[in-house]
């Protein structure tokens with residue numbers, strides 16, 4: 001009989017690598033947009049509308065954790081119920097994306113009827129069916145995950161990403177900027193269809209969707225904190241739009257880099273852990289704390305070299321990859337990414353915490369504690385200089401940290417300070433010596449150039465990880481998971 005921990009490690013590796021591959025494909029997609037259209041009012045409009053679509057995608061992806069325990073208990077009957085819930089959510093999304101599309105576009109792009117507003121309105125219209133397909137795809141992936149099949153979801157999401165890129169290359173010339181949402185729609189269809197077919201092959205047969213409204217309510221409540229977190233971005237992108245033409249696009253690229261790294265080091269771990277925790281966890285929040293710190297430590301080991309690379313040679317990479325951006329815009333993209341790093345760390349620390357919240361069904365509390373954070377973020381965003389994108393990103397990171405503290409209280413209650421203290425100790429254990437490695441490398445090798453200083457820092461960091469037992473153990477666990 002196979003080791004369940006081995007299966008979990010293999011599933012974690014597969015989901016992490018598949019998520020990374022999907023995000024890399026998304027990165028290529030974003031680079032193609034930058035190369036084809038640069039920064040303009042029209043790209044500002046697209047990225048503003050795409051932020052709304054991302055809320056729907058995050059709601060969809062949250063289903064891969066929030067509804068797992070229901071699918072574990074009810075199997076394909078639960079799948080039918082949530083399929084009805086998806087239909088309800090799609091109808092609600094239609095109201096937002098279509099009926100309210102024009103006023104929402106005006107709100108996000110600054111109001112005037114210009115190219116940004118028109119593109120945002122049209123993009124929302126095209127992304128409504130894409131959002132619906134993402135809901136279907138996530139439900140199928142969740143059901144397959146319960147059946148211990150992560151491979152089909154990995155393949156489907158990868159295929160969808162590739163299809164989006166191919167469609168964009170074909171449509172960008174004749175269609176213009178609207179080729180971007182059309183490509184997203186095509187990619188969403190390529191993702192959803194094979195996942196539904198895989199569920200059907202696993203034994204599902206369509207049935208009456210009993211409890212659709214209740215299922216929709218559960219999904220919305222379960223995704224409340226995720227949607228609120230994306231609300232921080234929508235508030236920020238609307239503020240960035242006031243900084244002039246192209247500012248919203250520039251911020252969006254820094255935020256996208258943040259999302260790519262976040263998917264690699266936090267989101268995939270949460271997805272894979274959901275089913276095992278739902279099935280075996282003793283429901284004692286205290287027992288999750290050591291697991292949360294182990295996951296955080298592993299994620300930090302990956303995050304440190306990524307952040308160091310951005311800090312040392314981010315401008316060089318940006319100038320290479322974002323050829324239609326000015327040097328100043330590339331510098332802003334890198335600065336936004338670095339300013340959003342605290343938000344990535346918070347997501348790492350909360351990866352297991354969120355699974356605990358989902359498993360216990362504390363969806364309402366997780367959503368309610370986020371509402372004051374949204375209000376505070378809006379006030380702080382209005383108080384800072386909207387033309388300084390780095391300041392806006394720092395405000396967003398502060399909002400993420402505040403939200404993270406609130407969510408830890410939802411799970412741990414009075415023990416939340418103890419969890420926060422342990423998290424800070426884990427951060428110090430990794431980040432303080434890592435920072436020393438790169439600081440010394442910059443001092444000794446900086447005269448040879450940023451690339452040389454980065455290389456020296458990475459070598460010192462690798463030696464540090466090998467020399468400190470807890471870090472070495474985490475690194476070996478990561479390597480073992482990849483091998484499996």
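Each value in this text was obtained by applying a stated rule to the coordinates, not by laboratory testing. What you see is a predicted model; the values in this text were computed from it and never measured. All Cβ positions, glycine included, derive from the backbone under ideal geometry; neighbour counts span all protein chains shown.
Overview of values
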{"read-out": "Where N is the number of residues in the stretch 244-484, Cα Rg divided by 2.2 N^0.38 Å", "value": "1.08"}
{"read-out": "Backbone N under 19 Å from the residue 319 label point (7 Å along Cα→Cβ), restricted to the stretch 438-460", "value": "446-455"}
{"read-out": "Percentage relative contact order, the chain, counting C-alpha pairs under 8 Å, at least six apart", "value": "21 percent"}
{"read-out": "Radius of gyration and maximum dimension Dmax of the chain, Cα, Å", "value": "21.8, 70"}
{"read-out": "Two-site label geometry, residue 448 and residue 371: point separation in nm, points 7 Å out along Cα→Cβ", "value": "5.8 nm"}
{"read-out": "Centroid-to-centroid separation of the stretch 123-198 and the stretch 461-479 [C-alpha atoms, Å]", "value": "37 Å"}
{"read-out": "Cα gyration tensor shape of the stretch 378-484, rounded if a/c is under 1.5, else prolate or oblate by comparing a/b with b/c", "value": "oblate"}
{"read-out": "Stretch gain in nm, segment residue 476-residue 384, where the contour uses 0.36 nm per residue and the Cα spacing is subtracted", "value": "28.7 nm"}
{"read-out": "Descending semi-axes in whole angstrom, ellipsoid equivalent of the stretch 380-429, from the Cα gyration tensor", "value": "28, 14, 6"}
{"read-out": "Added length on full extension, which subtracts the Cα-Cα distance from 0.36 nm per residue, residue 283 to residue 92", "value": "65.4 nm"}
{"read-out": "Tensor-based shape of the stretch 85-181 (alpha-carbon gyration tensor, a/c under 1.5 rounded, otherwise prolate or oblate)", "value": "oblate"}
{"read-out": "Stretch gain in nm, segment residue 466-residue 294, where the contour uses 0.36 nm per residue and the Cα spacing is subtracted", "value": "60.2 nm"}
{"read-out": "Estimated distance in nm for a label pair at residue 169 and residue 459, the labels positioned 7 Å out from Cα along Cα-to-Cβ", "value": "3.9 nm"}
{"read-out": "Residues in the stretch 28-54 reached by a label modelled at residue 326 [backbone nitrogen below 17 Å; 7 Å Cα→Cβ]", "value": "38-44"}
{"read-out": "Over the stretch 39-222, volume per residue of the alpha carbon convex hull, in Å³", "value": "109 Å³"}
{"read-out": "Cα gyration tensor shape for the stretch 123-249, rounded if a/c is under 1.5, else prolate or oblate", "value": "oblate"}
